[in-house]
Amino acid sequence: MRNFLIIAICSVLAWVASQPLHAQYTDTEFWLGSGVSQSINKDLSWSLQWENRWTQGMRWHDQGLVDAALEYDLNKHWSLNAQWRFSERQLAEGGYATRRRGALRLLGDWKAGGGKVKGRLMWTESWNPLLGWEDIQTRTWEPTTRMRLGYVHALASQTRAEVSWELFYRGDGQWSERRQASASWDVSKYWAVGASYMFGNTWKDDDPWRAHVLRIKTTWTLPSVRKIRRTSPPARIYKDGNAVGSRKMSACPPCKVNQLRLTEVNGKGEPADFIELLNEGDAPCDLKGWRITEALDRSGWMFPSVVLPASACWLGFEGGRNSFDFGISADGETLFLIGPNGVNFQKHLVLESTEYRSQGVDKSGVWNIFEPSPGLVEYRK
């Protein structure tokens, strides 16, 4: 089914790319923008985007184009997004005219072939905010429906590539499309830079319009409100359910890949997501240089020098002192433990999180769902 879906998407995008690009009128445009977003909790987030657009060979200008949006995750694959736009469009006789636009978007994504298939169904309506009440009552509302299908794939060095095709249907019966190819780079955990090429094309028009667009955008992701408001406990060492101090040993050997075992993970933990790591060996070892990451091409978080006694576990909460600094996806993901040499690693598939439940190694040594027990490992090798 997955391979069929990938082939179908590639076929659609290939057909779109093969369509003729000639037209009676061709426009060149440049869009420059930035955005900021933040998670309020596990399901709700907000975003704010600003953009300037130069069209008609850089002679026409839309300024102060600002989008404010709220997004709610309906489930693992779908989310609902409501957006409000303020913009000013340049007039032929000089000056700018204010515009408003409301939008409702249904967003979906599914893992496929090492990347993600992304879909979007969107309804928009624009209006002049200076219209009087009588004009609004008699105005004919003609919302635009937009349908988008795309595929995004992660590349090396924290970069991503994406291709998409979008179909527009306006209330006056006009059809158009937009083809897009883009690439983005995660400069840091919170800052990303992206560049896109877009081709716009009207259909069923005696005087067709085409547009070639170059878009540059930077985005910032703020730490989640939930993370800012809470104080996560520091990372600690536990043995038999009791906290113990990490001893300083001058000649403690580094932990080996067959000594460590991920014994408990919670993506909806309280007061924060947590990870529990057990030393299954018969001797203490040092975690210094080991890393926890969500992807092999990302640096993730690196352990400082931490001596882990035999049969003891390390317990770290997201954002706590001397602990990992990234959230565990409630939808499930893959965690990697990577050794100091960068070669030896363990791969752990984390399942979808359940409220008030943890997942990890149970008493029989099998990965399972159970009551949270941070710092208390009942399993023994």
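Taking 7 Å along the Cα-to-C-beta vector as the label spot, tell me the Tyr197-Thr231 distance in nanometres, rounded to one decimal. Between Tyr197 and Thr231, the simple spin-label model gives 5.4 nm. Secondary-structure-derived ellipticity at 222 nm for the chain, considering helices only, amounts to -2000 deg cm²/dmol, per-run term -39500 (n - 2.57) for DSSP H runs with n ≥ 4. Between Lys347 and Phe326, the C-beta separation translates, for a Förster distance of 22 Å, into a calculated FRET efficiency of about 0.85. Exceedance of the 31 Å cut-off in Cα-Cα distance is absent from the set Lys288/Lys363; Lys42/Lys347; Lys189/Lys347. Net length available on complete extension from Asp282 to Leu296 is 2.1 nm, with 0.36 nm assigned per residue and the Cα-Cα distance removed.
Phi angles across region 71-82 convert, under the Karplus curve 6.51 cos²θ - 1.76 cosθ + 1.60 with θ = phi - 60°, into 3J(HN,Hα) values of 10, 10, 7, 6, 7, 4, 10, 10, 9, 10, 10, 10 Hz, Gly and Pro given as x.
Quick check: from the Cα gyration tensor, does region 45-99 come out rounded (a/c under 1.5), prolate or oblate? Prolate is the answer for region 45-99, as a/c is 1.5 or above and a/b outweighs b/c. Applying 0.36 nm per residue to the separation of Thr334 and Glu177 and subtracting their alpha-carbon distance, the gain on full extension is 52.9 nm.
In this calculation the C-beta distance from Leu121 to Asp27 is compared with R0 = 35 Å, giving a FRET efficiency of 0.85.
For the chain, the mean projected area of the C-alpha convex hull, equal to one quarter of the hull surface, is 23.7 nm².
In a fully extended conformation the segment linking Asp362 and Ser311 would gain 16.8 nm over its present Cα-Cα distance, using 0.36 nm per residue.
Where a number appears in this text, it was derived from the coordinates with a stated rule and is not lab data. Every value quoted in this text rests on a predicted model; they were computed, and no experiment measured them. Cβ: placed from backbone, ideal geometry, glycine included. Neighbour counts: every protein chain shown.
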